[in-house]
Each structure stands twice: as structure tokens, then as C-alpha cells.
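The structure under discussion appears below in the form of C-alpha cells.
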Amino acid sequence: MNKTVKQCRHFFQLALCYPLLVMAENNPALDYEQARWHPLHFKPAIETATNEQCLACHQAVLQPQVKAQSPAGIQSKTVLAWYQTLTVYAGEQDTFHRRHLVTPLAKELMNLQCNTCHQGHDPREEAVIPPTSANATFTLRKTVNPETTCLKCHGQFNAQLMGLPEPWHQIREIMGDNCLLCHATIRTTRHQVNYLNSEAIEKAGQKNADACYGCHGGRAWYRISYPYPRHPWPGQSQYVPDWAKDRH
Ligand code: HEC
Ligand code: HEC
Ligand code: HEC
Ligand code: HEC
Ligand code: HEC
């Protein structure tokens with residue numbers, strides 16, 4: 001066993017070290033560098049990679065890893081972050097990957113794959129050298145593009161575009177806490193993408209507006225909203241608002 005693997009075993013709790021150990025045990029033919037530069041990480045192979053293929057080395061990303069207590073002694077059970085206060089939030093503190101792939105809510109509403117977020121990159125062009133403040137189209141090796149992934153479900157609620165006078169959390173009661181008040185007839189052709197369970201989403205939204213709000217402002221990490229495509233819907237008016245002119 002080489003030195004890196006030994007070091008890794010020492011720090012075995014680090015998620016990144018698991019692939020190494022798994023490899024060393026299951027596939028002695030692949031050394032660390034070979035696995036790290038495995039073609040599955042990059043285009044085009046990553047486009048058709050299955051979760052199982054990735055998990056063969058990276059099963060650790062789905063193992064529970066949240067500590068029961070912080071170094072300062074705070075019990076993780078007793079703290080909730082602002083984005084964990086929606087009524088659809090359930091269960092104990094969990095990791096990022098598990099919250100998107102294996103929690104009951106994630107499984108019910110979504111069908112995310114490793115390659116929904118990890119879309120690959122060109123290994124030879126990891127970063128611009130020298131660094132530049134211009135909008136260069138380079139990505140760091142493990143970078144996931146936030147504008148085309150995270151923003152879709154973690155952008156701001158776009159009250160202005162909806163013609164609503166206030167952000168949702170201030171007017172939800174006046175609206176009967178119900179997105180479907182309007183969205184039973186407006187923009188009804190929605191969520192027809194392979195990473196969402198569209199029927200389950202509609203059912204969840206009928207029961208609880210927080211299910212909808214959860215992906216449309218209730219867990220916003222950004223100050224901007226995602227410019228969603230505007231799919232034609234039955235009964236749509238001929239009038240196209242200015243903001244919608246480029247939406248297809
Ligand atoms: C043959 C084993 C193997 C397979 C299959 C594999 N990986 Fe990896 N992966 C590795 C190793 C080894 C590393 C490097 C870990 C380190 O540097 O500590 C790595 C690193 C990564 C990183 C972090 C990159 C960085 O710069 O820190 C990500 C993200 C990743 N893999 C995602 C994936 C995804 C998604 C798939 C499936 C499409 C996949 N891997 C398939 C072994 C594998
Ligand atoms: C919701 C989007 C999303 C999905 C789905 C996803 N990842 Fe990640 N993953 C990320 C982000 C974001 C990071 C952190 C990237 C960074 O630090 O630059 C990350 C980091 C990683 C890393 C680096 C180690 C770590 O834990 O930080 C590995 C390995 C990895 N992902 C593998 C996978 C595998 C395997 C799957 C499928 C089972 C998967 N990911 C699914 C977004 C995702
Ligand atoms: C398809 C929709 C979707 C995408 C894309 C998505 N998320 Fe999420 N995210 C969710 C949902 C739904 C939850 C709540 C899951 C739950 O409560 O079990 C969530 C929860 C979270 C949480 C909270 C985890 C916790 O401990 O409560 C973070 C942080 C997060 N997402 C960050 C990201 C980042 C960063 C990306 C991009 C790499 C991303 N998300 C992409 C839908 C998405
Ligand atoms: C008072 C009526 C009303 C309510 C209530 C309402 N919306 Fe909307 N929503 C609209 C209108 C109007 C549009 C723009 C329709 C169009 O494309 O012309 C819209 C558009 C959207 C869009 C697309 C935005 C874009 O950039 O294309 C999303 C996403 C959305 N609403 C989600 C929600 C969610 C989630 C809720 C509940 C938390 C909600 N809406 C409550 C009226 C409403
Ligand atoms: C798991 C996350 C998630 C949930 C839950 C969710 N949405 Fe969405 N919504 C998305 C994503 C991602 C898109 C963009 C999909 C695409 O690119 O076509 C979207 C698109 C939309 C759009 C734009 C429709 C169009 O013209 O394509 C509307 C309107 C909308 N959602 C309303 C709702 C309503 C109402 C609910 C509750 C019944 C809801 N969403 C629940 C993630 C979610």
C-alpha cells in the first residue's frame with residue numbers, strides 16, 4: 001500500500017479519502033492517479049455515467065457524516081438554520097449530498113443524479129493562469145456550475161414578475177398560503193425535466209405551499225432569481241410581457 005493510502009487511512013473520516021481506500025481494496029490495478037484522472041470524471045463519459053458507477057468509488061458521499069456535537073459543544077439536534085425552518089423540512093441534520101439524493105423529501109420530489117450537478121470539465125484547463133477578473137469560461141476541477149444547477153432551486157422568489165406587491169413570506173396568508181391559487185391556471189406546463197418528479201411535486205404543492213416555495217425562494221442562496229424557460233400553457237394570453245421576450 002502506498003504512502004498516500006496510508007495517510008488517507010489515518011484521516012479516514014475525510015470523504016475524499018474513501019475512494020482511495022475502496023480502490024485499494026477492490027481494484028488494486030488502479031492506482032490513485034489513475035482513479036483520480038478516471039475518464040468518468042470528464043466529458044464525454046460523465047454525461048452517461050450512472051450513480052452506481054460514481055458510487056463504486058465515492059460511496060462515502062452518501063454516508064451519514066454529521067457530527068452530533070460541534071467542537072464548541074452545541075448539539076446539532078438543537079440548532080436549525082434559517083433554511084431549515086420550512087414546514088417541509090424533516091429529520092435530523094444531514095449532509096448536502098444526502099439532502100439532495102436520499103432524504104425522503106429529495107426522493108419524493110427530485111430525481112437528481114451525480115451528473116446533474118457534476119457535469120465534468122476539461123482536466124487540462126483547471127483555472128486561468130494568471131488569474132483574471134474577466135468572465136473567463138474556466139472551471140476549477142470539482143466546480144459545479146451554480147448558475148445552471150443550484151440557482152434553479154435556490155434563487156429568490158420573483159414577486160415582481162408575478163405581479164405580487166410583497167415577497168411571499170409577507171403575503172402568503174393573503175394568498176391563502178397557496179401557490180396554486182394562480183398556478184392552477186398559470187404556467188401549468190412545468191417541471192418536465194428528467195431530474196424532477198413533476199407529478200409528485202404537484203401533489204406536494206396541493207398539500208403544502210412550502211413544498212413549492214422550498215425550490216422557489218424558501219431556500220434562496222442567491223439575491224437573483226433563475227430566469228426559467230416559459231413553456232406555453234393552455235389558456236395563455238397572446239400578450240407577452242417585456243421580461244418574457246427572451247424566455248423560451
Ligand atoms: C475509479 C474510482 C473513481 C470513480 C469511478 C469516480 N471517481 Fe471521482 N475521484 C476518485 C478519486 C481517487 C478522486 C481524488 C480524491 C482526492 O484527491 O482525494 C476523485 C475525485 C472526485 C471529485 C473531487 C475532485 C477534486 O478536485 O477534489 C469529485 C467531485 C468526483 N470525484 C466526482 C465523481 C463523479 C461524479 C463520478 C462519476 C461520474 C466519479 N467521481 C467517479 C475516484 C473515482
Ligand atoms: C445537488 C448537486 C449535487 C449532486 C446531485 C451531487 N453532487 Fe457531489 N458535490 C456537489 C457540490 C456543490 C460539491 C462541492 C464542490 C466544490 O467544493 O467545489 C460536491 C462535492 C463532491 C465531491 C468532493 C468531496 C466532498 O464530499 O465534498 C465528491 C467526491 C462528489 N461530490 C461526488 C458526488 C457523487 C458520487 C454524486 C452522486 C451520488 C454527487 N456528488 C451528487 C454537488 C452535487
Ligand atoms: C432540483 C432542485 C435542487 C437543486 C438543483 C439544488 N438543490 Fe439544494 N435543495 C433542494 C431541496 C428540495 C432541498 C431540501 C431537501 C430536504 O430538506 O431534505 C435542498 C437543500 C439544500 C441545502 C440545505 C441542506 C440542509 O442541511 O438542510 C443546501 C445547503 C443546498 N440545498 C445547496 C445547494 C447547492 C449548493 C446546489 C447546487 C450545487 C443545490 N442545492 C442544488 C433542491 C435543489
Ligand atoms: C397572485 C398570483 C400568483 C401567486 C399566488 C403565485 N404566483 Fe407564481 N407567477 C404568477 C404570475 C402571473 C407569473 C408570471 C406568468 C407569466 O409567465 O406570464 C408567475 C410566475 C412564476 C414562476 C416563473 C418565474 C419566471 O421567471 O419565469 C415561478 C417559478 C412561480 N411563479 C412560482 C410560484 C410559487 C412557488 C408560488 C407560491 C410560493 C407562486 N408562484 C405564487 C402569479 C402567482
Ligand atoms: C424540487 C424543486 C421544485 C419544486 C418542489 C417546485 N419547483 Fe417549480 N421549478 C423547479 C425547476 C428546477 C424549474 C425549471 C425547470 C425547467 O428548466 O423547465 C421550475 C419551474 C417552475 C415554473 C416555470 C414553468 C415553465 O414555464 O416552465 C413554475 C411556474 C413553477 N416551477 C412553479 C412551481 C409550483 C407552483 C410548485 C409547487 C406545486 C413548484 N414549482 C415546485 C423546481 C421546483
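What follows draws every value from the coordinates through simple rules; no lab data is involved. Predicted model only: the values in this text are computed from it and were never measured. Positions of Cβ are generated from backbone atoms using ideal geometry, with glycine treated the same way; all protein chains shown enter the neighbour counts.
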Work out from phi, with θ = phi - 60° and the Karplus expression 6.51 cos²θ - 1.76 cosθ + 1.60, the ³J(HN,Hα) of each residue of segment 155-163, listed in order in whole Hz, and give x for Gly and Pro. x, 6, 5, 8, 4, 4, 4, 7, x
In nanometres, the difference between 0.36 nm per residue of separation and the alpha-carbon distance of Glu33 and Thr48 is 3.2 nm
Most positive-pole-ward Cα, Asn145, Asn208, His121, against dipole of segment 80-248 from beta carbon charges: His121
In nm, what is the difference between 0.36 nm times the number of residues separating Asp177 and Ser76 and their Cα-Cα distance? 33.3 nm
The size of the Cβ-based charge dipole (Lys, Arg +1; Asp, Glu -1) of segment 80-248 about the Cα centre, to the nearest 20 debye, is 180 debye
Residue-wise, which Karplus ³J(HN,Hα) couplings in Hz belong to segment 231-248, taking 6.51 cos²θ - 1.76 cosθ + 1.60, θ = phi - 60°, and x for glycine or proline? 6, x, 10, x, x, 5, 6, 5, 5, 10, x, 3, 4, 8, 4, 9, 8, 10
Using amide H atoms built in the peptide plane, which far-off residues or other-chain residues are under 5 Å from Leu196 H to H? Asn111
Output wanted: per-residue J couplings in Hz (rounded whole) for segment 215-223, from phi through Karplus 6.51 cos²θ - 1.76 cosθ + 1.60, θ = phi - 60°, x for Gly and Pro. 9, 10, x, x, 10, 6, 9, 10, 8
Label model pair Gln69, Gln236: point-to-point distance (7 angstrom along the Cα→beta-carbon line) in nm is 5.7 nm
